[in-house]
Amino acid sequence: MINPSRRLDHLTTSVFSEMAERKREKINQGNDMIDLSIGSPDQPPPLIVRKHFSNEVLQDHSYQYAINSTQAFNEAVVYFYRERYDVEIEPRDVLQLMGSQDGLAHIALAYLDEGDVIIVPDPGYPIYSACAHIAGAELYYVSLTEENQFMPDLEAIPAEIRDRAKLMITNYPGNPTAALATKSYLEKLVQFGINHNILILHDFAYSELIFDNKKPLSIFSVPNARKTAIEFNSLSKSFNMAGARIGYVIGEPNFLKPLAVLKSHLDYGVFLPVQHAAVEALTGDFTFLEEHCQTYQQRRNVFINELKEIGWSVRQPDGGMFVWAKVPSHHTSMSFSLAALEAGVVVTPGNAFGNAGEGYVRIALVQDEEKLREAAQRLREIL
Ligand SMILES: Cc1ncc(COP(=O)(O)O)c(C=O)c1O
């Protein structure tokens with residue numbers, strides 16, 4: 001027996017493995033399950049993007065190593081940020097990623113040595129803490145609660161942590177919290193980064209799923225953000241291109257360089273037809289994005305109303321793909337998720353996203369309205 005590295009000990013949470021195992025059993029037994037556990041879009045990218053992709057796939061020259069992004073891709077991101085978020089960047093401020101996961105998974109390795117500190121949200125998307133474990137870094141968790149509107153009190157972070165931290169991850173619209181940040185919070189965050197010499201990593205993967213006519217807030221809409229922040233984004237959720245594995249991080253080239261150096265040893269870039277398809281998406285007709293956002297907003301409305309109808313009042317998501325729902329008080333996150341599984345609905349226990357997620361479940365709006373209504377009705381019996 002050759003033991004794997006100890007760093008793997010931290011990489012699978014028992015909550016996720018237990019749920020995956022139980023779900024498999026249920027499916028193998030032939031049960032009809034409504035799976036609302038994973039944030040994988042159920043719809044395709046725009047047809048024009050797929051047509052462009054299929055055309056590129058047929059070209060002889062498409063199969064070389066890409067190594068880096070094409071200039072057209074970087075320019076497309078510049079255009080997209082100008083049109084959608086009113087933010088001016090230059091092509092050299094863009095580093096292409098194989099999905100934002102690629103960047104988030106490797107950023108700690110690029111910046112942190114053993115014992116260095118990274119501040120992450122609790123609850124938070126799992127790679128935020130996993131990247132620190134991979135790098136052997138020390139984690140400091142800030143709690144996101146309904147009471148603080150899911151924006152942590154930066155003043156409450158101990159002075160010792162503020163001094164030692166090199167990175168801080170933040171994510172709006174939030175997964176799993178479905179919350180948005182206010183402009184004044186982002187301003188405080190930028191000032192916090194500047195004051196304490198911390199690189200702020202804003203995960204903006206759900207930037208196009210923002211409801212009720214609110215405006216998406218890139219961290220670069222805050223003056224001086226370039227001095228302390230970089231922003232991760234992706235085509236996965238905005239254009240339903242999750243399986244195509246393409247995303248990017250933007251910011252001062254000096255901040256991007258360590259990640260670029262690391263990545264030059266890890267991969268040889270994104271398949272060129274995927275890059276071309278991404279350019280088509282980022283510079284294409286944005287009515288797709290409006291309709292896409294409407295679809296999720298409508299799903300949210302239908303699902304939340306249906307939950308209300310069965311007697312379960314949950315916080316209305318402001319954006320993103322998830323409902324972050326407080327479970328009835330006689331349940332824990334896990335007991336509710338197991339009961340939901342028995343009722344034919346797969347959700348994710350909140351404690352899979354950190355200790356502060358206990359008492360919640362995350363429900364992904366990745367099925368059509370009819371299925372969501374049906375899921376709510378199935379949950380009626382376990383409330
Ligand atoms: C908050 C958040 N960030 C990043 C990602 C990674 O997405 P991708 O690598 O497909 O861009 C996800 C995926 O679910 C996510 O929920």
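The values are calculated or read from the model by the stated rules, or taken from the named source; none is laboratory data. Here the structure is a predicted model, which is why all the values come from computation and not from measurement. Counting neighbours? That spans all protein chains shown, and the Cβs are built from the backbone with ideal geometry, glycine included.
Here are a few things to note about the model shown:
- Residues satisfying the stated conditions in the range 324-383, i.e. acidic (Asp, Glu) and modelled with pLDDT under 95: Glu381
- Pairs, first in the same structural domain as Glu75 (by TED's automatic domain parsing) in the range 239-260, second within 16 Å of the ligand (Cβ to nearest atom) and of a type in the set (Ser, Thr, Tyr), C-beta under 6 Å, six or more apart: Ala242/Ser40; Ala242/Ser236; Gly247/Ser100; Gly247/Ser234
- Residue under evaluation Arg245, criteria (1) more than 16 Å from the ligand (Cβ to nearest atom); (2) under 17 Å from Ala205 (Cβ atoms); (3) basic (Lys, Arg), criterion not met: (1)
- Candidate set: the range 197-219, residues that are crowded, with 19+ Cβ neighbours inside 10 Å and over 18 Å from the mean Cα position of the chain (by Cα); chosen: the one farthest from the ligand (Cβ to nearest atom): Ile198
- All positions within the range 11-53 that are among the acidic types (Asp, Glu), surrounded by 13 or more Cβ atoms within 10 Å (Cβ to Cβ) and part of a helix (DSSP H, G or I): Glu18
- Some residue of the range 243-258 being assigned to a helix (DSSP H, G or I) and closer than 30 Å to Glu370 by Cβ: yes
- Every condition in (1) of a type in the set (A, V, I, L, M); (2) surrounded by fewer than 20 Cβ atoms within 10 Å (Cβ to Cβ); (3) part of a helix (DSSP H, G or I) holds for Val314 except the one numbered (3).
- Filtered by the rule that a residue be over 24 Å from Ala205 (Cα atoms) and part of a loop (DSSP other than H, G, I, E, B), the range 148-171 gives Ile157, Pro158.
- Note on the range 97-115: among residues that are closer than 17 Å to Phe255 by Cα and of a type in the set (D, E, K, R), the one that is nearest to the ligand (Cβ to nearest atom) is Asp102.
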